[in-house]
Amino acid sequence: MKKWLLIIACWSSSLIQAQTVKALRDAIQVLVADDDLKNASVGFYALDLDSNKIISGISSNKTLVPASTMKLVTTATALEMMGSGKRFSTFLKYSGEIDTNCVLHGNIYIVGGGDPCLGSPKFDSHYGDLIGNWAEEVRQQGIDSIDGRVIGDATIFNEQMIPSTWIWGDLGNYYGAGPCGLSIHENMCELTLQSGKKGDTTVISCVNPYIPDMTIDNYVKGMITDDDESYILGGPYQQKRVIKGGIPVNQEEFSVRGSIPDPAYLAAFELDMELRMNGMKIARSATTIRKLKNEEGVEDDSQRHIIKTTYSPRLSSIIEMTNMYSINLYAEHIMNQIGLFKYGSGDTGSGTQATTEFWKGRGLDTDGFYVYDGSGLSRFNAVTPRQLVGILALLYESKNYKIFLSTLPVAGKSGTLRNVGKGTAASGKVRAKSGTMTRVKSYAGYVTTKNKRNIAFALIVNNHNCSAYEMKKKMEKIMVKLAEIND
């Protein structure tokens, strides 16, 4: 009798388990048949990492635009290549000689090491008063006047800064800030605007930090909206910016974030101003190696003496910020660092090539794997759901897996997934990266199921006809069904 009861119990359990997988597959079919997706391309793939069995898939080999889930590829590559403890160094140096009258007959150099976090408010406790500390270090050398100048050196990275496939409309905005060898303040400035009634022009009351020589043509108007509908136009090294669109009416202090035209120059300028305010005499104004490259008087790095080395946080901490809050600038810096590490060239092209070759060498099928930047902002990026899951599966077998997993937002709890799956089986059980751009929505990451199985998944939708919020709610149902699997 007991034997028959055991058989019946096992049969009943298997039936329930099979039903949970069937519910997932049914939910996928419902999503694909949704009228808002009648013009869309949908790709999905889910793999049981413990058994290496496919849970479900549809158009899993279809190449699609991934948006910010591309950051998973970038951060996973960097972690595997360089290790979690990697740090990036910024050097404060001087050239020439200091005479008995405390005059430096030479220049002060800030030599960037491609640190994306330098001066970031997110790492205030790490850097402290960065510029003030640097100024004090210069004074400690016994210098009270400089007959040269402060020079920013960003040559560790390519001068171009932005990936060539980014669109013009993104570049002046904070999320379109490009990686600089000497970045500062996340290459981001904040504009404070005042608005009146509907249709009235607005006034820019403050720009923080102050950016010398930058001018802004303001065409922003007050609108009946709750959102920031403004956008800034302007590329790297272009001091003239144009801001258009609208902000909510009757605002005394409405913040809009933009990119900094020349981060290396701003870093040099800020140190120059700090030194002058502390009473130091400086003969010439701040500048950069880029501006001086056709002029004389720039010493080779071998002729410079180190005053102080400023180290970045550990790579694992930078990756956590990148994935948790989807910071494009950090991802692009990481991609350049990949190129620098592999080929000695800090540029997007070297980084993307190294990334593709790395995963190909690990056995990933890279047909249809197109990497054009590190953040996913480029619409030239294209990957398949199976490839994203393939990379996640390889990380699952790596010594870096737990570190990588800890950098991902948790559904219903943290980061860009804090409002996904609240009060459902997905809450606390899905760790994933989201991706959003116009007509693109994606999720990829890991799920711990009800019976403690570990699943890697990727779900990408291109060219949906509904809002990003509505698309999120539709895709959320798939993540819930993944978490409910009991097979």
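The values are calculated or read from the model by the stated rules, or taken from the named source; none is laboratory data. A quick note: this is a predicted structure, and the numbers were derived from the prediction, not measured. Here the Cβ is made from the backbone with ideal geometry for all residues, glycine too, and neighbour counts use every protein chain on show.
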Open item on the list: Against the conditions (1) assigned by TED's automatic domain parsing to the domain that holds L408; (2) surrounded by 20 or more Cβ atoms within 10 Å (Cβ to Cβ); (3) among the acidic types (D, E), where does E270 fall short? Just the number, please.
Closed with: (1)
Open item on the list: What's the number of the only condition in (1) in contact (Cβ under 8 Å) with a residue 40 or more places away in the chain; (2) over 27 Å from L340 (Cβ atoms); (3) part of a loop (DSSP other than H, G, I, E, B) that L191 fails to meet?
Closed with: (3)
Task: Residue in the stretch 299-313 that is farthest from the chain's Cα centre (by Cα), counting only those that are surrounded by 17 or more Cβ atoms within 10 Å (Cβ to Cβ) and not small (G, A, S) - done: R304
Open item on the list: If V420 meets every condition in (1) over 21 Å from M321 (Cβ atoms); (2) in contact (Cβ under 8 Å) with a residue 40 or more places away in the chain; (3) over 17 Å from the mean Cα position of the chain (by Cα) apart from one, which number is that one?
Closed with: (1)
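Out of S84, S125, which single residue is outside any strand (DSSP E or B), hydroxyl-bearing (S, T, Y), farther than 30 Å from Y443 by Cβ and at pLDDT 95 or above?
Matching residue, one of S84, S125: S125.
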Open item on the list: Take I403 and tell me if it is touching a helix residue (DSSP H, G or I) at 6+ places or on another chain (Cβ under 7 Å), surrounded by fewer than 23 Cβ atoms within 10 Å (Cβ to Cβ) and either at positive phi or in contact (Cβ under 8 Å) with a residue 12 or more places away in the chain (or both).
Closed with: yes
- [ ] Tell me which residues, restricted to the stretch 212-230, are touching a residue at least 24 places away in the same chain (Cβ under 8 Å), surrounded by 12 or more Cβ atoms within 10 Å (Cβ to Cβ) and not in a loop (DSSP other than H, G, I, E, B).
- [x] I216, N218, K221, G222, M223, S230
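If I go through the stretch 325-349 residue by residue, how many of them are over 16 Å from the mean Cα position of the chain (by Cα), in contact (Cβ under 8 Å) with a residue 12 or more places away in the chain and not in a loop (DSSP other than H, G, I, E, B)?
The initial filter retains those residues of the stretch 325-349 that are over 16 Å from the mean Cα position of the chain (by Cα), namely 339-346, 349.
From the residues that got through so far, the ones that are in contact (Cβ under 8 Å) with a residue 12 or more places away in the chain too are 339-342, 345-346.
Then keep just the ones that are not in a loop (DSSP other than H, G, I, E, B); that gives 339-342, 346.
Qualifying residue count, the stretch 325-349: 5.
Looking at the stretch 272-289, can you tell me whether even one residue there is of a type in the set (D, E) and on the phi > 0 side of the Ramachandran plot? So that I can check it myself, show each step before the final result.
Quick first cut of the stretch 272-289, residues of a type in the set (D, E) only: 272, 274.
Add one more test, that the residue is on the phi > 0 side of the Ramachandran plot, and what stays is none.
For the stretch 272-289, residues of a type in the set (D, E) and on the phi > 0 side of the Ramachandran plot: absent.
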Task: Matching residues in the stretch 90-108 - criterion: being over 40 Å from the mean Cα position of the chain (by Cα), charged (D, E, K, R) and part of a strand (DSSP E or B) - done: E97
Open item on the list: Would you confirm, using the coordinates I've provided, whether I131 is in contact with a Leu (Cβ under 7 Å, 6 or more places away or on another chain), hydrophobic (A, V, I, L, M, F, W, C) and either assigned to a loop (DSSP other than H, G, I, E, B) or farther than 22 Å from R290 by Cβ (or both)?
Closed with: no
Task: Positions within the stretch 387-399 being touching a residue at least 24 places away in the same chain (Cβ under 8 Å) and assigned to a loop (DSSP other than H, G, I, E, B), in sequence order - done: S398
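Looking at the stretch 363-386, which of its residues are surrounded by fewer than 21 Cβ atoms within 10 Å (Cβ to Cβ) and either within 20 Å of the chain's Cα centre (by Cα) or in contact (Cβ under 8 Å) with a residue 60 or more places away in the chain (or both)?
Filtering the stretch 363-386 for residues surrounded by fewer than 21 Cβ atoms within 10 Å (Cβ to Cβ) gives 363-368, 370, 372, 379-380, 382.
Once the filter is applied, which keeps residues that are surrounded by fewer than 21 Cβ atoms within 10 Å (Cβ to Cβ) and either within 20 Å of the chain's Cα centre (by Cα) or in contact (Cβ under 8 Å) with a residue 60 or more places away in the chain (or both), the stretch 363-386 yields G368, Y370, Y372, R379, F380, A382.
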- [ ] Out of F91, F44, report the one residue that is aromatic (F, W, Y), in contact with a Ser or Thr (Cβ under 7 Å, 6 or more places away or on another chain) and surrounded by fewer than 20 Cβ atoms within 10 Å (Cβ to Cβ).
- [x] F91
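Using the structure shown, decide if V389 is touching a helix residue (DSSP H, G or I) at 6+ places or on another chain (Cβ under 6 Å) and buried (at least 24 other Cβ atoms within 10 Å of the Cβ). Please lay out each step first, then the result.
Numbers: touching a helix residue (DSSP H, G or I) at 6+ places or on another chain (Cβ under 6 Å): no; buried (at least 24 other Cβ atoms within 10 Å of the Cβ): yes.
In short, no.
Results for (1) surrounded by 23 or more Cβ atoms within 10 Å (Cβ to Cβ); (2) free of Cβ contacts under 8 Å to residues at least 60 places away in the same chain, shown as yes or no for each residue.
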| site | (1), (2) |
| --- | --- |
| K441 | yes, no |
| K452 | no, yes |
| S467 | no, yes |
| K473 | no, yes |
| K477 | no, no |
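State which residue is farthest from Q387 (Cα to Cα) when the search covers only the stretch 437-487 and only residues that are among the charged types (D, E, K, R) and in a helix (DSSP H, G or I). So that I can check it myself, show each step before the final result.
First pass over the stretch 437-487, keeping only residues among the charged types (D, E, K, R): 439, 441, 450, 452-453, 470, 472-474, 476-477, 481, 484, 487.
Imposing the further condition that a residue be in a helix (DSSP H, G or I) reduces the set to 470, 472-474, 476-477, 481, 484.
Working: E470: 26, K472: 22, K473: 24, K474: 23, E476: 21, K477: 22, K481: 22, E484: 24 Å.
Only one residue tops the list, namely E470.
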Open item on the list: If I ask for residues that are surrounded by 14 or more Cβ atoms within 10 Å (Cβ to Cβ), closer than 20 Å to S259 by Cβ and not polar (S, T, N, Q), which ones from the stretch 195-211 would you list?
Closed with: I204, V207, P209, I211
